[in-house]
1. Could you tell me which residue of the range 86-117 is surrounded by the most Cβ atoms within 10 Å (Cβ to Cβ), considering only residues that are farther than 14 Å from Gly147 by Cα and of a type in the set (Ser, Thr, Tyr)?
2. Return the total of residues in the range 159-204 being of a type outside the set (A, V, I, L, M, F, W, C) and more than 14 Å from Thr102 (Cβ to Cβ).
3. Could you tell me which numbered condition Phe116 fails, if it satisfies all but one of (1) within 21 Å of Asp180 (Cβ to Cβ); (2) within 16 Å of the chain's Cα centre (by Cα)?
4. So, in the range 46-60, how many residues would count as being over 27 Å from Ala133 (Cα atoms), without any contact (Cβ under 8 Å) to a residue 24 or more places away in the chain and surrounded by 15 or more Cβ atoms within 10 Å (Cβ to Cβ)?
5. What residue, of Ser141, Ser151, is of a type in the set (Gly, Ala, Ser), under 24 Å from Ala182 (Cα atoms), touching a Phe, Trp or Tyr at 6+ places or on another chain (Cβ under 9 Å) and part of a helix (DSSP H, G or I)?
6. Looking at Ala113, Ala182, Ala205, Ala169, which is the one that is within 25 Å of Met68 (Cβ to Cβ), free of Cβ contacts under 8 Å to residues at least 60 places away in the same chain and either in contact with a Phe, Trp or Tyr (Cβ under 9 Å, 6 or more places away or on another chain) or not in a helix (DSSP H, G or I) (or both)?
7. If you go through the range 185-202 one residue at a time, how many are without any contact (Cβ under 8 Å) to a residue 40 or more places away in the chain and over 10 Å from Tyr154 (Cβ atoms)?
8. Could you tell me whether any residue of the range 139-159 is of a type outside the set (Asp, Glu), modelled with pLDDT under 90 and more than 20 Å from Val215 (Cβ to Cβ)?
Amino acid sequence: MHDGQTRPAPRARASELHRFTRILRFSIRQLLVCLVLLLVVRPIFEGSATGRVIESLLFTFVLISSLMAVGVSHWETGLGLFLIIPAFAFRWLTHILPLQPTEPVPLICFSLAIAFTIWQMLRSVLRAERVDADVLCAGISIYLLLGQLWSHLYLLIDRFSANAFLYPALPDHAPRLSGDDALYFSMSALTTAGFGDIVPRSPVARSFSTLESAVGVLYLAVLMGRLVAMHLHFAMGAAKTGGGKS
């Protein structure tokens with residue numbers, strides 16, 4: 001019996017799902033590549049106009065890739081656009097207007113966009129049924145995004161609190177924290193390296209650096225435990241399926 005409505009064929013739906021999965025995988029891997037390049041290229045061109053343009057381009061690719069990676073449903077895509085478009089606009093306005101990247105409004109927009117991306121990607125990793133290259137890329141991307149998120153939070157802290165950070169090994173350092181210094185200190189705290197050339201001084205800065213170190217250690221522990229559990233569950237399921245067929 002026909003209800004008068006034309007339904008898409010199962011093969012067409014499967015083709016659309018396969019196409020979307022390929023785009024999603026590409027975006028996750030592209031996001032990881034852009035994050036790694038952002039860490040490597042940024043210090044090389046520090047302080048130059050060319051470096052700022054390259055950094056903005058990589059940051060744009062990070063935002064676009066993250067939106068493609070997390071925008072599964074309509075509301076997720078809409079919320080992602082709502083958070084990412086202001087961050088994208090402020091990033092490029094710094095090349096046109098006398099607007100510093102360390103202004104509070106751009107930093108808040110960047111932080112919200114990155115936090116949304118981390119939350120959505122973390123959900124996808126925890127809900128995955130098996131460990132593959134995409135899950136591993138997403139897990140590494142989350143870790144690097146955590147460093148980016150905390151670097152923007154450190155810039156906000158330094159913006160509203162004078163002398164929030166000390167530089168005992170850098171006597172000629174400016175009193176304010178730069179974007180490169182914030183990312184460097186953030187990755188040092190996240191990986192618990194702690195070289196000691198930048199030290200949090202204010203109570204808020206110390207609290208956030210301690211929290212970041214705890215998050216970095218706990219994230220790796222939870223992620224490794226989850227990946228091992230997924231792998232064992234998939235292997236046991238495959239073994240049961242193979243045993244049942246035999």
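The values are calculated or read from the model by the stated rules, or taken from the named source; none is laboratory data. Since the model is a prediction, treat every value here as computed from it, not as a measurement. Cβ atoms come from the backbone with ideal geometry, glycine included; neighbour counts cover every protein chain shown.
1. The selected residue is Thr102.
2. The total comes to 18.
3. Answer for Phe116: the failing condition is (1).
4. Here the count works out to 2.
5. One residue alone meets the criteria, Ser151.
6. Ala113
7. Of the residues in the range 185-202, 10 are without any contact (Cβ under 8 Å) to a residue 40 or more places away in the chain and over 10 Å from Tyr154 (Cβ atoms).
8. Yes, the range 139-159 contains a residue that is of a type outside the set (Asp, Glu), modelled with pLDDT under 90 and more than 20 Å from Val215 (Cβ to Cβ).
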